[in-house]
Amino acid sequence: MGYRGVPGHEFVGVVQQSSDTGVIGRRVVGEINAACGRCDFCRSGLGRHCSERTVLGILGRDGAFADYLTLPDRNLIPLPDSIPDDVAVLVEPVAAACEIFEQVRLGRDEKILVLGDGRLGAIVASVLRANSYAPVVGGHHPEKLAILAQLGLKVDAEDGLQPGFDCVIDCTGRPAGFTRAIELVRPRGRIILKSTAAANLAINLAPVVVNEITVTGSRCGRFGPAIELLEAGKIDLQQLISRRYPLDDAIAAFDDARDPLNFKILLQAS
Ligand SMILES: [Zn+2]
């Protein structure tokens with residue numbers, strides 16, 4: 001997005017100021033897309049695609065790696081006490097995973113592959129599992145796959161995967177993920193792209209045509225379904241939190257986050 005500013009879009013915080021006095025002091029998460037509220041997209045509930053939007057820590061709006069951030073009142077969603085802070089931080093990516101269900105209709109008996117054994121793959125696969133699907137997570141790192149297996153997920157070494165999946169969800173965060181997904185999906189199958197990593201990829205799209213593959217891009221989702229899922233205790237993501245750092249140690253936190261075995265590093269503001 002060519003963004004310059006304070007990064008950070010996954011957060012939980014306490015409201016300090018608002019024209020809505022009822023929300024002051026409440027613990028909240030916030031929808032990251034701040035939309036105009038007037039255009040056709042906004043009026044149909046798709047403010048996430050508003051052309052006038054700013055996006056927390058991503059587009060025209062300073063983000064959450066700070067002591068304070070601002071969002072419109074309507075973006076804020078108070079949290080039930082049953083969701084601890086560590087889990088609340090993950091509402092945004094869980095919502096992004098839930099977005100898949102709003103976009104495509106998957107059969108419970110479909111062979112679904114989640115490509116990528118990082119944090120996004122773990123969350124997407126956990127959300128699918130919580131909704132009675134049986135995805136396989138394909139990854140390169142045995143240690144990470146072992147951790148994901150502890151979450152109750154089916155895992156497999158990516159190198160040994162055979163083509164023929166009905167649906168491949170690319171959560172690799174690497175440009176090569178899209179190419180690999182094209183190899184592994186069956187003819188007339190479906191690929192869901194959950195990351196923007198393939199932005200500058202020179203790619204052979206001939207197999208997409210020859211095999212009549214449907215490609216769906218998928219980004220942010222509504223927070224409501226994600227909070228319901230977490231409140232119901234249907235997914236346990238606390239194990240993904242590797243460590244916490246004070247905001248003042250953010251540089252060390254970023255260094256630590258480069259370790260592939262650290263699924264999620266948290267920054268604690270004041
Ligand atoms: Zn709008």
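The values are calculated or read from the model by the stated rules, or taken from the named source; none is laboratory data. What you are looking at is a predicted structure, and each value in this text was computed from that prediction instead of being measured. Reconstructed Cβ throughout: ideal geometry from the backbone, glycine too, with neighbour counts over all protein chains shown.
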(message) Tell me yes or no: at least one residue of the range 238-247 is assigned to a loop (DSSP other than H, G, I, E, B) and in contact (Cβ under 8 Å) with a residue 12 or more places away in the chain.
(response) no
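So in the range 99-122, with the set limited to residues that are over 20 Å from Asp166 (Cβ atoms) and in contact with a Phe, Trp or Tyr (Cβ under 9 Å, 6 or more places away or on another chain), which one is modelled with the highest pLDDT? Give the derivation first.
Initially, the range 99-122 is screened for residues over 20 Å from Asp166 (Cβ atoms), giving 117-120, 122.
Checking which are in contact with a Phe, Trp or Tyr (Cβ under 9 Å, 6 or more places away or on another chain) leaves us with 118-119, 122.
Numbers: Gly118: 92, Arg119: 91, Ala122: 95.
Here the residue is Ala122.
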(request) Kindly provide the set of residues from the range 136-173 that are free of Cβ contacts under 8 Å to residues at least 40 places away in the same chain and among the aliphatic types (A, V, I, L, M), ordered by number. (result) Val136, Val137, Leu145, Ala146, Leu148, Ala149, Leu153, Val155, Ala157
(message) Given the criteria surrounded by fewer than 19 Cβ atoms within 10 Å (Cβ to Cβ) and in contact with an Asp or Glu (Cβ under 9 Å, 6 or more places away or on another chain), does Asp73 qualify?
(response) yes
(message) Residues that are surrounded by 14 or more Cβ atoms within 10 Å (Cβ to Cβ) and touching a Gly at 6+ places or on another chain (Cβ under 6 Å): list the strands (runs of 3 or more DSSP E) wholly contained in the range 161-220 that include at least 2 such residues.
(response) 165-170, 185-193
(message) Based on this model, can you work out whether Ser270 counts as outside any helix (DSSP H, G or I), buried (at least 19 other Cβ atoms within 10 Å of the Cβ) and either at pLDDT 95 or above or out of contact with any strand residue (DSSP E or B) (no Cβ under 6 Å at 6 or more places or on another chain) (or both)?
(response) no
(request) Filter the range 1-43 for residues that are farther than 29 Å from Ala198 by Cα and among the hydroxyl-bearing types (Ser, Thr, Tyr) and give the result. (result) Ser18, Ser19, Thr21
(request) Sort out which residues of the range 15-36 are in a loop (DSSP other than H, G, I, E, B) and within 10 Å of the ligand (Cβ to nearest atom), and write them in order of number. (result) Ala35, Cys36
(message) Tally up the residues in the range 1-19 that are touching an Asp or Glu at 6+ places or on another chain (Cβ under 8 Å) and farther than 24 Å from Ala226 by Cα, please.
(response) 4
(request) Count, please, the residues in the range 22-53 that happen to be of a type outside the set (Lys, Arg) and farther than 25 Å from Asp85 by Cα. (result) 15
(request) Starting from the range 40-58, take each residue that is of a type in the set (Phe, Trp, Tyr) and list its partners that are more than 7 Å from the ligand (Cβ to nearest atom) and not in a loop (DSSP other than H, G, I, E, B), counting only C-beta distances under 7 angstrom and pairs at least six apart or across chains. (result) Phe41/His49
(request) Starting from the range 5-28, take each residue that is without any contact (Cβ under 8 Å) to a residue 12 or more places away in the chain and list its partners that are crowded, with 18+ Cβ neighbours inside 10 Å, counting only C-beta distances under 8 angstrom and pairs at least six apart or across chains. (result) Ile24/Val15; Gly25/Val15
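In the list Asp67, Asp159, Asp62, which residue meets the criterion of being charged (D, E, K, R) and farther than 25 Å from Thr196 by Cα?
Working: Asp159 fails: farther than 25 Å from Thr196 by Cα; Asp62 fails: farther than 25 Å from Thr196 by Cα.
Step by step, each of Asp67, Asp159, Asp62 is checked, and only Asp67 is charged (D, E, K, R) and farther than 25 Å from Thr196 by Cα.
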